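Scroll down for the structure; my scribbles are underneath it.
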């Protein structure tokens with residue numbers, strides 16, 4: 001699939017752009033933080049709302065998408081996007097709550113293995129969760145939490161990751177794509193190296209699910225967590241997901257809850273926990289039905305589009321975007337790895353005036369994403385971004401820089417950007 005430009009083959013995903021709500025003359029480059037609403041996601045949310053109105057409590061077992069099995073049905077549809085077996089995936093919780101569940105379940109420190117390795121560029125919430133589990137086990141995060149250092153402040157070197165895989169490490173938890181730079185880590189290579197040392201491996205897929213294909217099961221990744229509100233376009237606070245390789249399904253959930261029960265026995269109301277088969281056991285509370293509903297519509301789009309096509313177009317758009325910026329506005333430091341296989345769905349530009357530039361861009365009709373202290377993130381999402389959008393975005397950014405429009409704003413970051 002090629003993107004239409006100068007007489008080339010038409011963009012096969014172009015038709016999906018009309019599926020999403022976008023403001024007139026606005027170029028949305030923040031789908032790596034919150035994806036746009038699709039008309040199908042809206043429709044599914046309204047249908048679930050109507051189901052509540054029409055059926056009341058009977059909506060748990062009646063209607064087009066009965067709520068009692070909604071999470072399981074969604075999970076089977078998500079599985080192909082992460083390269084997992086259907087029973088290895090569960091739509092539930094949030095990234096942080098799912099990290100808590102996974103660590104509560106698989107992190108079993110011993111006298112010889114009690115450390116958890118993360119990276120210093122990781123999202124803060126992941127670090128908070130890891131530290132809390134170390135403390136709960138009576139371990140000191142100052143010594144039991146090991147951080148992989150970044151040489152440039154934006155990316156990680158594979159050799160630096162492997163160097164931290166020492167005999168005292170129990171778990172390695174990394175992002176699949178680094179949020180600051182867009183670097184895509186070699187998941188399979190890292191997993192194999194860690195397993196050779198007897199280390200369990202987990203990945204946070206927040207910045208990769210919906211942007212590129214995964215192969216979690218075949219790579220033998222032990223566990224993974226993600227959200228659905230970025231590239232998956234499920235809406236703010238949309239229910240997240242978790243994956244646990246089937247070889248670990250004998251484990252009792254570290255945080256047991258009613259909805260982790262065997263569904264055939266759940267309403268027996270027995271105080272003895274009967275674990276569900278597969279990843280369903282690692283649910284905790286009642287599913288958030290309204291937060292899951294938009295995902296029904298989003299998944300219809302992904303099935304039609306094909307995640308392989310989404311990845312191909314995403315790479316073409318990010319490649320074009322960075323090439324144009326390098327040509328037209330060379331003062332930016334593009335900190336995203338150059339090779340396609342090392343890049344996720346967004347690019348990251350470093351600039352000392354990043355916060356001010358983002359504010360000026362918004363005024364110019366471009367929605368970017370700022371990350372402290374100096375990063376502008378731009379995500380030309382394949383489902384609703386065109387070549388023309390990318391070209392126009394660069395023109396507007398160049399005007400902001402040439403005319404120094406950013407000087408009309410402070411460099412203080414907003415609470416939400």
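The values are calculated or read from the model by the stated rules, or taken from the named source; none is laboratory data. No experiment lies behind these values; they were computed from the predicted model shown. Using ideal geometry, Cβ is built from the backbone for each residue, glycine included, and neighbour counts are taken over all protein chains shown.
Odds and ends about this structure:
- Residue 355 in the same structural domain as residue 18 (by TED's automatic domain parsing) and at pLDDT below 95: no
- Put simply, of 90, 102 the only residue that is outside any helix (DSSP H, G or I) and in contact (Cβ under 8 Å) with a residue 24 or more places away in the chain is 90.
- Scope region 138-152; condition in contact (Cβ under 8 Å) with a residue 12 or more places away in the chain and surrounded by 13 or more Cβ atoms within 10 Å (Cβ to Cβ); matching residues: 139, 144, 145, 146, 147, 148, 149, 150
- Of the candidates 281, 256, 293, the single residue that is free of Cβ contacts under 8 Å to residues at least 40 places away in the same chain, touching a helix residue (DSSP H, G or I) at 6+ places or on another chain (Cβ under 9 Å) and crowded, with 20+ Cβ neighbours inside 10 Å is 281.
- Sole exception among (1) in contact (Cβ under 8 Å) with a residue 24 or more places away in the chain; (2) farther than 21 Å from residue 342 by Cα; (3) in contact with a strand residue (DSSP E or B) (Cβ under 7 Å, 6 or more places away or on another chain) for residue 174, by number: (2)
- Residue in region 373-381 that is under 19 Å from residue 24 (Cα atoms), free of Cβ contacts under 8 Å to residues at least 40 places away in the same chain and surrounded by fewer than 23 Cβ atoms within 10 Å (Cβ to Cβ) present: no
- Flag if residue 139 is part of a helix (DSSP H, G or I) and either touching a helix residue (DSSP H, G or I) at 6+ places or on another chain (Cβ under 6 Å) or at pLDDT 95 or above (or both): no
- Check on residue 54, over 21 Å from residue 229 (Cβ atoms), out of contact with any strand residue (DSSP E or B) (no Cβ under 7 Å at 6 or more places or on another chain) and without any contact (Cβ under 8 Å) to a residue 60 or more places away in the chain: yes
- Residue 256 vs. criteria farther than 18 Å from residue 185 by Cα and not in a loop (DSSP other than H, G, I, E, B): no
- With respect to being touching a residue at least 40 places away in the same chain (Cβ under 8 Å) and within 24 Å of residue 298 (Cα to Cα), residue 70 fits the description.
- Here residue 291 fulfils each of the conditions (1) at pLDDT below 95; (2) within 22 Å of residue 77 (Cβ to Cβ) apart from (1).
- Failed criterion for residue 107 (all others in (1) more than 22 Å from residue 295 (Cα to Cα); (2) in contact (Cβ under 8 Å) with a residue 24 or more places away in the chain; (3) more than 18 Å from the chain's Cα centre (by Cα); (4) surrounded by fewer than 20 Cβ atoms within 10 Å (Cβ to Cβ) hold): (4)
- Check on residue 107, in contact with a strand residue (DSSP E or B) (Cβ under 7 Å, 6 or more places away or on another chain) and under 24 Å from residue 279 (Cα atoms): yes
- Checklist (1) touching a residue at least 40 places away in the same chain (Cβ under 8 Å); (2) surrounded by 20 or more Cβ atoms within 10 Å (Cβ to Cβ); (3) assigned to a helix (DSSP H, G or I) applied to residue 134, failing item: (1)
- For region 327-339, the count of residues that are part of a helix (DSSP H, G or I) and either surrounded by fewer than 20 Cβ atoms within 10 Å (Cβ to Cβ) or assigned by TED's automatic domain parsing to the domain that holds residue 156 (or both) is at least one.
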